[in-house]
Amino acid sequence: MAFSANEVCELQQSWDNMIKEHGFDGVGLAVLLGLYNEAPSSRSLYGYSRFSLPQDGVITIEDLTSRPLVIEHAVKVASALDRIIKLLGKQDDLKAFLEDVGEAHKMLNVGSRNFEKIEDILSRAIGESLGPMKTDDLMQSWDKACGVMKQFIISVY
Ligand code: HEM
């Protein structure tokens, strides 16, 4: 699914505004908070255990901000998203990068079922980070972008 020049422009502009407002750490933490609460089985994945996250109950933003390793990871995730957003409109490069993300997760023993909810998790985290910038039209474009991310990532499984 390709993106029109208009969609690319609004997605890139709103992403830049979101990052100005919350930083890579803030947006990355919003994604991780959604992931840990909406897909709790992700908390115990190899590697994540070194974050020593609570295994039960709701995880709060304070649970994440009190763990420097989690903040570091959030920045890595948001940096990957930044690269993805910059590649929108360059469909072949976008596909290649997302396939690399999928391959990297396969190597980390992250199964494809862990990506089942990623579209909704990303969309919700982005919607929250947009705050007052959020409109129905803009969210339609973001939903499309989140769908494409999931589609290309899981295509390598
Ligand atoms: C579009 C969504 C995602 C992006 C952009 C993303 C990005 C990244 C990046 C950049 C890394 C660091 C790789 C490295 O250090 O070489 C990473 C690591 C990792 N990701 Fe993801 N990720 C995504 C979704 C997920 C999901 C859904 C899961 C599992 C539920 C997951 C689990 C992991 C794990 C276990 C690691 C290793 C963490 C560690 O111990 O350092 N990721 N991810």
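A few remarks follow.
- On full extension, the segment bounded by Tyr157 and Lys86 gains 23.1 nm, given 0.36 nm per residue less the C-alpha separation.
- Rounded to the nearest 500, the 222 nm mean residue ellipticity of the chain from helices alone is -23000 deg cm²/dmol, with -39,500 (n - 2.57) taken per DSSP H run of at least 4 residues.
- Ratio of Rg to Rh over the range 70-157 (Cα coordinates, Kirkwood Rh, two decimals): 0.96
- Overall, the range 5-154 carries a charge dipole of about 400 debye about its Cα centre when +1 sits on the Cβ of Lys and Arg and -1 on the Cβ of Asp and Glu, all other atoms neutral.
- Taking the Cα centre of the range 114-157 as origin and assigning +1 to Lys and Arg Cβ atoms and -1 to Asp and Glu Cβ atoms, the resulting dipole is close to 100 debye.
- Here the Karplus relation 6.51 cos²θ - 1.76 cosθ + 1.60, evaluated at θ = phi - 60°, turns the backbone of the range 140-157 into coupling constants of 4, 5, 5, 4, 4, 4, 5, x, 5, 4, 4, 4, 6, 5, 6, 5, 8, 7 Hz, with x for every Gly and Pro.
- Gap separating the Cα centres of the range 83-106 and the range 120-148, nearest whole Å: 19
- 25 °C / 0.890 mPa s Stokes-Einstein diffusion coefficient of the range 5-154, Kirkwood radius on C-alpha pairs, µm²/s: 156
- Packing-based order for 54-60, 77-83, 67-73, using average beta carbon neighbours within 10 Å, highest first: 77-83, 67-73, 54-60
- With θ taken as phi - 60° and the Karplus curve 6.51 cos²θ - 1.76 cosθ + 1.60 applied, the whole-hertz 3J(HN,Hα) list for the range 64-69 is 7, 5, 7, 10, x, 5 Hz, x standing for glycine and proline.
- Whole-Hz couplings from phi, Karplus 6.51/-1.76/1.60, listed for the range 48-61; x for Gly and Pro: 5, 4, 5, 7, 6, 7, x, 7, 10, x, 7, 8, 9, 5
- The stretch between Val58 and Ser4 holds 15.6 nm of extra length on full extension. This uses 0.36 nm per residue minus the Cα-Cα distance.
- Spacing of the modelled spin labels on Thr65 and Lys117, each 7 Å from Cα toward Cβ, amounts to 2.3 nm.
All of the numbers you see were taken from the coordinates with simple rules; none came from a lab. Since this is a predicted model, take the numbers as computed values, not measurements. When we count neighbours, we look across all protein chains shown, and the Cβ atoms used for this are built from the backbone with ideal geometry, even at glycine.
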